[in-house]
Amino acid sequence: MSIAKLAPIFLHTSWRTGGTALAFAFREQPACTLFYEPINIALRTPEKALLASPGKWDSRHPSSAPYFNEFKKFLAEDESIRNFPNLDLFTFESPEKKWLDELARYLHMLIDYAQGEGKVPVIKFTNLDGHLDFLRNEFPSSTNIAVNRGRSEQLMSWLNQAANGNYEFFKAGSKMIGA
């Protein structure tokens, strides 16, 4: 199969929009390799992140392998994820060139791996929308799919999570707004 047919698919979502369900549907396709949230802060400590799964909390996500299962192949000797970008340099807008270079090297590693296996790389991001120009320029043959949900439905999902004691979506949203 030609590399053009194996061009990456980037899924762009926000929290509680149904993006995980879509990503896991791609994971079920034998022709695809899913890399779920490759710049998730949890991947700073892979030994914990690799255990995170939909069944560990009331996520309403489809049953599946652990979220970051595909990253096991990229563990370095020091137990970090190879080429993982420095998230301290990450910003939602006007990113530093150094960080974009790190991100490019990291994404190329993931994409090259999937393509080397003869599979379509599918990469699901949460809140990376501000970097679409970078992704389009760095990966011109890629397909970018945005997943949106009505804001009131999304807020209700956040509130339902908060009612169950999970305030992480409000914390993350506040941090993003503050940035």
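Close amide H partners of residue 32, meaning residues 5 or more places away or on another chain with modelled amide H under 5 Å apart, are 120.
Size descriptors for the range 66-120: radius of gyration and Dmax over Cα atoms are 12.7, 35 Å.
Values in this text are rule-based calculations from the coordinates and carry no lab data. This is a predicted model, so every value here is computed, not measured.
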